[in-house]
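Scroll down for the structure; my scribbles are underneath it.
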Amino acid sequence: MKLDRLIGILSILLQRDKVTMPYLAETFEVSRRTISRDVDALCRAGIPIVTSQGAGGGVSILAGGRLDRAILTSAELQAILAGLRSLDSVSGTRRYAQLMEKLAGPGFWAQGGGVLIDLAAWHKGPLSEKLDLLREAIGAGRTVGFHYYAPSGESDRVTEPYYILFQWGAWYLWAWCRAREGYRLFKLDRMARPALGEAFAKRQAPYPDLSSQRVFPELYRVEAIVPAQYKWLLVEEYGEGSFTVQPDGRCRFSIGFTHLDSAVGFLLSFRGEAEVLGPGEVKAALGRLGKKLAEAYGGT
């Protein structure tokens, strides 16, 4: 019986009014019997969990209950609190923090924590409204329509929403797209005028495959040499192991990109001081852009 699974179950129960045993079993990829034992262990530890059978039944935390900290250390509770505070940062409320206070008790706040996570975007208002609407749609099993801005162009979409994700520093919706007839990730920042639609019959939606190979397949491997003063940029974007220092102090790197525009955009960060070794498509794109800029703003 792993503590991380117990914490995971507790985290879900803190955020949702009620869940079913089959849902927990599928989420943690274990049997229903294992989940039943986990719930019993949480109950024995003093966590006020109740289960109900039949239609509309499930697992939930007893209303007004408080979390017995015997099963979790202070550091583990603070980690849960940091996660809940991060959700509050999006909405600008203390909804999740207040829930944690009810469960853990007022003395919990005096212990500090030292971890602050802010998941909000610059446009906090619209993002908060989108998240609230998507939560409602997922809970009620209703479609969501919106206008979407993508690199390939604009389109109107109708989707069957399943999961909200925070990944790669941004919020995404994982949904079945009726126009594409498949599961897609939609970036919330590119989503405009979302609106609730009709009820739909939920599918057995898979979890999104967020592996880099699938989401960001490497189509262009850029090799370049840049001056030493840009070492910070390479470390920030791709890590300390993403380059080697040449005898003359310059940094040589080889980095893969999914889109040609992304490769060109990254190379422009070096303000024309990158010596691009390949591939040819990237060098040609830089040349075309350079010519266009020269024609628009003068210079050679």
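Points to keep in mind about this one:
- Proximity of backbone amide H atoms, modeled 1.01 Å from N, is registered between ILE47 and ASP68 at under 5 Å, excluding neighbours fewer than 5 places apart on the same chain.
- Treating r as the C-beta distance of ALA205 and LYS231 and R0 as 41 Å, the FRET efficiency rounds to 0.40.
- The calculated FRET efficiency for ARG135 paired with GLU181, based on their beta-carbon distance and R0 = 30 Å, is about 0.75.
- For segment 209-220, Karplus couplings with θ = phi - 60° (6.51, -1.76, 1.60), whole Hz, Gly/Pro x: 7, 9, 5, 4, 5, 8, 6, 10, x, 7, 10, 9
- Shape of segment 216-297, Cα gyration tensor, a/c cut at 1.5: oblate
- Note that segment 195-200 has calculated 3J(HN,Hα) couplings of 8, 5, x, 7, 6, 9 Hz, one per residue in order, obtained from phi through the Karplus relation 6.51 cos²θ - 1.76 cosθ + 1.60 (θ = phi - 60°); glycine and proline are x.
- Distance from the alpha carbon centroid of segment 188-203 to that of segment 232-276 works out to 38 angstrom.
- The string of couplings for segment 276-293 from the Karplus curve (6.51, -1.76, 1.60, θ = phi - 60°) is 7, 8, x, x, x, 4, 6, 4, 5, 5, 5, x, 5, 5, x, 5, 5, 5 Hz, one whole number per residue in order, with x for Gly and Pro.
- Between ARG44 and TYR23, the distance separating the two model label sites (each 7 Å from Cα on the Cα→Cβ line) works out to 2.6 nm.
- Under 5 Å from the amide H of TYR163 lie the amide H atoms of TRP174, each residue being 5 or more positions distant or on a separate chain, with H modelled from the backbone and absent for Pro and chain starts.
- Segment 124-209 shape via C-alpha gyration tensor axes, a/c threshold 1.5: rounded
- Under 5 Å, built H, 5+ apart or other chain: amide partners of TYR183: CYS177
- Near-label residues of segment 32-50 by backbone N, under 16 Å of a point 7 Å along Cα→Cβ of LEU62: 39-50
- Full extension of the chain segment joining LEU165 with THR244 gains 25.0 nm, where the gain is 0.36 nm per residue of separation less the Cα-Cα distance.
- Net length available on complete extension from ALA195 to ARG142 is 18.1 nm, with 0.36 nm assigned per residue and the Cα-Cα distance removed.
Where a number appears in this text, it was derived from the coordinates with a stated rule and is not lab data. Everything numeric here is computed off the predicted structure, so don't read it as measured data. Because the Cβ atoms are built from the backbone with ideal geometry, glycine has one as well, and the counts that use them run over all protein chains shown.
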